Amino acid sequence: MKRRWIAATAVAAAVTLLTACSGQSDDASGESGEKVTLTYANWSEDQTPAMQQIADEFQKANPNITIKVQTLPWTEYWSTLQVGAAGGTAPDAFWMLADHFREYAKGGQLLDLSDTVKSNNIDVSAYPKAVSDSYTYDGKLFALPKDFDTNGIWYNKALFDAAGVKYPDDTWTWQDAQEAAKKLTDPAKGVWGIAAPIDGQGGFYNTILQAGGSIINADGSASDFGSPAGVEGLKFWTDLQAAKASPTLEQLSDTEAVSMFENQKVAMYFSGAYWALRFHNDAALKGKVDVAPLPQGVKRATVTSGIGNAGYAGSKHPAELKKFLAFLGGTKAAEIQAATGTVLPAYKGTQQPWLDSMPEYHLKVFIDAIDYSVPLPVAGNASEWQGLAAQYLGPAWSGKKSVQDAANEYQAAVDKVLAKK
């Protein structure tokens, strides 16, 4: 997923939107029973129906609390949240990502949910530890895991069949993936074998780990991009660019990789479980798409993460907000997400309905991948150093600089950010 910042005018407009939608009562307090309204922000139109269903279910048991679900475009979400949290106009509840979490927690902008966990007997061990740990700061839990993801190879069976290439499976190595990508590429038809953007979560983090490297060291003080394994993991992608088996960075900037996959312009797209419902609902992809495990390097590996449901520390209704967040973190909300096929829920024991909701896909590869998954690196100001990737790695992707030189320069830039903490 891309992270971009929008222009100031758009930020101002979005802040106005959030302010207008907050609609809260100033005189409501705690569990007094007075009617209050909470806002709940997300960035996915695909998931909005399930979020509304969850909100409706909560309101049935809590008729004094109205939940207004707000969906903002991904391109506006973070800038809107940042400005709203700083200015006192943030939504009450909102989705959080691990790589953005620490800056909000450090800034005192998130509601501490430690007491909520205790008073509602929430079993934190029911969530994947890597995800719940990523929302813990200074020993306090500030978001309850909503879902989790690992990565696999989404592939277009029709394009594989047309090129006479065998489908990917759990025996695939890097060489298998790269050779298949070249065979699947057909310039005359405007088809590429794979999408190779500068993507950490779905791309080069995984291949660096598969090469035996690490992204950030254990104490979060330094990165590892310039190591032999780091360079090897990056070369997996730059080699695909050099072979012209992927759209160029410019083409992927104009049209996101996932959209190229949906448009059947690329045969393979390495990414997470969160795209399943979108592909399932795309009539043009009916019967053409499936998913397989990521190819192996010297070992298997994938990063794992998940969305957390967080609360705004400046909410006028903290008691009602905590009650809603506890509901979002429980089994009923997870079961709704699973039954609707919305996303792979984080709560243990609720994932089978998600698998059953889209039987045409081998979705279990995402659950099996937990066994060899590694938490998404989020040390320091992760959103800042991750945002530097395109600037420093872009020249290697386009062949204008050696991978080793680009990796060294990116490592130095990341280490400088990490040193700020």
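The values are calculated or read from the model by the stated rules, or taken from the named source; none is laboratory data. Model, not experiment: these values are computed from the prediction. Here the Cβ positions follow ideal geometry from the backbone for every residue, glycine too, while neighbour counts run over all protein chains shown. Note: accessible area is taken over every heavy atom of the protein model, side chains too, but ligands, DNA and RNA are not part of it. Shrake-Rupley method; radii C 1.70, N 1.55, O 1.52, S 1.80 Å.
How far apart, in nanometres, would the label points at Ser114 and Gln404 be if each is projected 7 angstrom from Cα along the Cα-to-Cβ direction?
So the label points at Ser114 and Gln404 sit 4.9 nm apart.
Go through 143-151, 101-109 and give me the packing order, highest mean Cβ count within 10 Å leading.
Descending packing order for the listed peptides: 143-151, 101-109.
Based on Cα coordinates alone, diagonalise the gyration tensor for the chain, multiply each eigenvalue by 5, take square roots, and list the semi-axes in whole Å, largest first.
37, 24, 20
If you roll a 1.4 Å probe over the chain with all protein chains in place, what percent of the accessible area is carbon or sulfur?
51 percent
How far is helix 48-61 tilted, in degrees, relative to the longest principal axis of the Cα atoms in the chain, given as a value from 0 to 90 rounded to the nearest 10?
It works out to around 30 degrees.
Between beta-carbons, use under 11 Å as the cut-off and find the net charge around Ile216, counting Lys and Arg +1, Asp and Glu -1.
Residues close to Ile216 contribute a combined charge of -3.
If the cut-off is 12 Å between C-alpha atoms, which aspartates and glutamates fall inside it for Lys106, apart from same-chain ones fewer than 8 positions away?
Asp138
Just in the stretch 233-292: which trypsin sites (Lys or Arg not before Pro) are loop by DSSP and have at most 12 other Cβ atoms within 10 Å?
For trypsin sites (Lys or Arg not before Pro) across the stretch 233-292 that sit outside H, G, I, E and B with at most 12 neighbouring Cβ atoms in 10 Å, the list reads Lys286.
So what is the relative contact order of the chain, in percent, for Cα pairs below 8 Å that sit 6 or more residues apart?
Reported relative contact order: 23 percent.
Pick out, from Ser134, Ser114, Ala396, the residue whose Cα sits farthest towards the positive end of the charge dipole of the chain, with +1 on the Cβ of Lys and Arg and -1 on the Cβ of Asp and Glu.
Towards the positive end, the residue furthest out is Ala396.
Please give the charge dipole size of the stretch 239-313, origin at the Cα centre, charges +1 on K and R Cβ atoms and -1 on D and E Cβ atoms. Round to the nearest 20 debye.
It comes to approximately 280 debye.
Just going by the charge dipole of the chain, with Lys and Arg at +1 and Asp and Glu at -1 on Cβ, which of Ser305, His362, Pro293 is farthest out on the positive end?
Checking the options against the dipole of the chain, the answer is Pro293.
Under 5 Å between amide hydrogens, which residues at least 5 positions from Tyr137 or on another chain qualify, with H placed 1.01 Å from N in the peptide plane?
The answer is Phe142.
Across the Cα atoms of the stretch 232-374, what radius of gyration and what greatest pairwise Cα-Cα distance (Dmax) are found, in Å?
Cα only, the stretch 232-374: 18.5, 57 Å (Rg, Dmax).
Evaluate the charge dipole of the stretch 40-177 about its Cα centre and quote only its size in Debye, nearest 20, assuming +1 on the Cβ of each Lys and Arg and -1 on the Cβ of each Asp and Glu.
Dipole size: approximately 280 debye.
Could you pull out every residue, at least 5 positions away or on a different chain, whose amide H is within less than 5 Å of the one on Asp147? Hs are placed 1.01 Å off N in the peptide plane, and Pro or chain starts have none.
Correct list: Ile307, Ala346.
For a label point 7 Å from the Cα of Glu34 along Cα→C-beta, name the residues of the stretch 304-327 whose backbone N is under 15 Å from it.
Label zone hits: 316-321.
Less than 17 Å from a label point 7 Å out along the Cα-to-Cβ axis of Lys157: which backbone N atoms in the stretch 273-290 qualify, by residue?
Inside the label zone: 276-277, 279-290.
Taking amide hydrogens as modeled 1.01 Å from N in the peptide plane, which residues meet the under 5 Å criterion relative to Thr37, leaving out close sequence neighbours?
Those lying under 5 Å, H to H, from Thr37 are Ser25, Thr66.
Which lysines have a Cα less than 16 Å from the Cα of Lys316, not counting those fewer than 8 places away in the same chain?
Straight-line reach from Lys316, under 16 Å: Lys35, Lys68.
Using a Förster radius of 25 Å, what is the FRET efficiency between Asn121 and Asn62 based on their Cβ-Cβ separation? Nearest 0.05, please.
Plugging the Cβ-Cβ distance into 1/(1 + (r/R0)^6) gives 0.90.
Using the basic label-point model (7 angstrom from Cα toward the beta carbon), what is the Ser259 to Ala242 distance in nanometres?
That separation, rounded to one decimal, is 3.0 nm.
Can you tell me which of 79-86, 366-373 comes out highest on packing, and rank the rest after it, using the mean Cβ neighbours within 10 Å?
The most tightly packed comes first, giving 79-86, 366-373.
Magnitude of the Cβ-charge dipole of the chain, K/R +1 and D/E -1, about the Cα centre, nearest 20 debye?
With only Lys, Arg, Asp and Glu charged at Cβ, the dipole is about 360 debye.
Students often get this wrong: which residues of the stretch 123-150 have the backbone nitrogen under 19 Å from the point 7 angstrom along Cα-to-C-beta of Asp371?
128-130, 149-150
Of Gly329, Gly311, Gly164, which has the largest mean-square fluctuation in a 10 Å C-alpha GNM of the chain?
Result for the chain, Cα springs under 10 Å: Gly164 fluctuates most.
Hey, what's the chain come to in accessible area per residue, 1.4 Å probe, Å²?
Result: 41 Å² per residue.
Using a Cα-Cα cut-off of under 21 Å, which lysines could be cross-linked to Lys364, ignoring same-chain neighbours fewer than 8 residues away?
Cα-Cα hits under 21 Å: Lys129, Lys146, Lys157, Lys166, Lys286, Lys288, Lys299, Lys348.
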